[in-house]
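Only one structure is covered here, and it is reproduced in the block below.
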Amino acid sequence: MDVATALEGNWDFRVEHKGIRVFSSKVPGSPVLGFKGEAEFKVPFRKLVSLFHDFRSYGRWVHQLAEMEVLDHNDELEYVIRQVINTPWPMPKREMIVRTGLHASEAGAVALTMQGVPDYLPPRTDLHRVRETRGVWVFMPLEGGKVHVTFVMHMNPGSDVPPALSNAALFEVPYYSLQKMRILAEDASYKPDWPKVVDNHLHISEDIPGTP
């Protein structure tokens, strides 16, 4: 997903709660809306990048995550990740396989892109493989030791889920994921290791814009 297009799309404001703002947007060719969630975290920038490389802790913040594994990381800043998401009974759980990449973005921001690769593994009969997934996380450092976090995603869960149901429930994903991520990131006892491989590709400091 193109970062600029994702952030500047035709977004309709939906709700704000506890400092988390959620928007929706129509996606060409799909009956399922895309969503965007925004929030500010009072957390070191590098800690937030570390959180995204702490795959063992994804279950603490990804909404309705049932399973998580890293399938490949041939390129040091690209990963292929498999996630299984809980769904209401009797629908089978959703299985997503996405390729992620970490990139420098505008004004000192960092973007983590996600693109579905549904045919990376043979499908399982007990799970529903999601065919359409794409999104981006953008972390923008702010003054005062804060980070502006934007989460944009479009996921079509499958033809067995009515679009109206998907669109009604889509706000849960950005809201609860951002809420739980903020709690984890701002927890002083949570100290994820810094992924040193990032230093080979990106320069990420703790400098705060606008300060000496």
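The values are calculated or read from the model by the stated rules, or taken from the named source; none is laboratory data. Model, not experiment: these values are computed from the prediction. Here the Cβ is made from the backbone with ideal geometry for all residues, glycine too, and neighbour counts use every protein chain on show.
Key figures
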| read-out | value |
| --- | --- |
| Count of segment 155-202 residues which are under 30 Å from Pro141 (Cα atoms), assigned to a helix (DSSP H, G or I), over 16 Å from the mean Cα position of the chain (by Cα) and not hydrophobic (A, V, I, L, M, F, W, C) | 3 |
| Close pairs from segment 175-201: first within 11 Å of Ser50 (Cβ to Cβ), partner among the charged types (D, E, K, R) and not in a helix (DSSP H, G or I), Cβ under 8 Å, at least 6 apart | Pro192/Asp54; Asp193/Asp54 |
| Val49 vs. criteria among the aliphatic types (A, V, I, L, M), within 16 Å of the chain's Cα centre (by Cα) and not in a loop (DSSP other than H, G, I, E, B) | yes |
| Boolean, Met140 is under 25 Å from Asp12 (Cα atoms) and in a helix (DSSP H, G or I) | no |
| Check on Ala111, modelled with pLDDT of 95 or more, crowded, with 20+ Cβ neighbours inside 10 Å, under 23 Å from Arg21 (Cβ atoms) and aliphatic (A, V, I, L, M) | no |
| Residue match in segment 82-89 (condition: of a type in the set (Phe, Trp, Tyr) and surrounded by 17 or more Cβ atoms within 10 Å (Cβ to Cβ)) | no |
| Residue match in segment 203-210 (condition: crowded, with 19+ Cβ neighbours inside 10 Å and either part of a loop (DSSP other than H, G, I, E, B) or at pLDDT 95 or above (or both)) | yes |
| Residue tally, condition part of a loop (DSSP other than H, G, I, E, B) and more than 26 Å from Ile204 (Cβ to Cβ), over segment 62-118 | 12 |
| Set Arg134, Arg124: member being crowded, with 17+ Cβ neighbours inside 10 Å, within 30 Å of Trp89 (Cβ to Cβ), in contact (Cβ under 8 Å) with a residue 12 or more places away in the chain and basic (Lys, Arg) | Arg134 |
| Those residues of segment 76-93 which are closer than 18 Å to Thr113 by Cα and either free of Cβ contacts under 8 Å to residues at least 12 places away in the same chain or of a type in the set (S, T, N, Q) (or both), in sequence order | Gln83 |
| Meets criteria (farther than 28 Å from Arg21 by Cβ, modelled with pLDDT of 95 or more, buried (at least 20 other Cβ atoms within 10 Å of the Cβ) and not β-branched (Val, Ile, Thr)) for Glu95 | yes |
